[in-house]
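Worksheet: the structure to be examined is printed underneath.
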Amino acid sequence: MATDLDKLLKDYLTAWDAHDVEKMLTFCTDDCVYECMALGMVNRGKKELKEFFSSMFVDLPDVKLEMKSGFTAGDRGAGEWVMTGTFAHSSIPGVPATGKSFTVRGASITEFKNDKISRNTAYWNFASFLQQVGIMPGPPK
C-alpha cells in the first residue's frame, strides 16, 4: 500500500524528470538540505537548491532518473536509481562539457518533516561519470 510519502516522492520525481524546479521546491521544506556526495556539495534552503538544480538542468539538458527500487518508513526513505543524460554544458570548474552521454547508478537517502522533503543525500560514482563522458580514462583492462 502506497503512503502519502511514496506519492510525494513519485510526484517530486515527475517534476524532476520534467526539469520543473519550481514544482520540485514545493515538495521541500524551506530549510531543506540537499547533499550531493559525488560533487562534495551541500545546498541549504530553497534558494541554494533552486540554483543547484537550475544549473544541473542546463548542464544535463536531457537528464532523467529511473527509480529501480525504493521505500519509505516513518520519516525516512531510500531509493536506488539510474541517471542518464548528456553532458552538454558545464558549471563544474575545471570539468569541460563533452557532449557525450552517460548512465550512472546511484542511491538517495531522504528525510521528511511535515510531509515534505527536509533532507536528501545522493550517492553516485563521479569517476564513472567522468569516464563515460571522456574526461577521465576508464579502469585498466
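The values are calculated or read from the model by the stated rules, or taken from the named source; none is laboratory data. Everything numeric in this text was worked out from a predicted model, so none of it was measured. Positions of Cβ are generated from backbone atoms using ideal geometry, with glycine treated the same way; all protein chains shown enter the neighbour counts.
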Going through the range 54-67 in order, the residues found to be in contact with a strand residue (DSSP E or B) (Cβ under 6 Å, 6 or more places away or on another chain) and either of a type outside the set (Lys, Arg) or within 15 Å of Asp6 (Cβ to Cβ) (or both) are Leu60, Asp62, Val63, Leu65, Glu66, Met67
Taking the range 3-39 and keeping residues surrounded by fewer than 16 Cβ atoms within 10 Å (Cβ to Cβ), within 22 Å of Val58 (Cα to Cα) and of a type in the set (Val, Ile, Thr) leaves Thr14, Thr26
Inside the range 113-134, the number of residues satisfying the requirement of being within 22 Å of Glu66 (Cβ to Cβ) and touching a residue at least 12 places away in the same chain (Cβ under 8 Å) is 13
Flag if Ala73 is farther than 19 Å from Thr121 by Cβ and free of Cβ contacts under 8 Å to residues at least 24 places away in the same chain: no
Looking only at the range 1-31, which residues are farther than 21 Å from Thr86 by Cα, touching a residue at least 12 places away in the same chain (Cβ under 8 Å) and touching an Asp or Glu at 6+ places or on another chain (Cβ under 9 Å)? Asp4, Leu5, Leu8, Phe27
Take the range 13-61 and flag every residue that is among the charged types (D, E, K, R) and either in a strand (DSSP E or B) or in contact with a His (Cβ under 6 Å, 6 or more places away or on another chain) (or both). Asp30, Asp31, Glu35, Arg44, Asp59
So, restricting to strands (runs of 3 or more DSSP E) that lie completely within the range 71-141, which ones have at least 1 residues that are under 18 Å from Ser54 (Cα atoms) and under 15 Å from the mean Cα position of the chain (by Cα)? 76-86, 116-124
Taking the range 69-102, which residues are at pLDDT below 95 and exposed (fewer than 13 other Cβ atoms within 10 Å of the Cβ)? Ser69, Phe71, Ala73, Gly74, Pro93, Gly94, Pro96
Could you please let me know if Lys47 is without any contact (Cβ under 8 Å) to a residue 40 or more places away in the chain, more than 18 Å from Leu5 (Cα to Cα) and basic (Lys, Arg)? yes
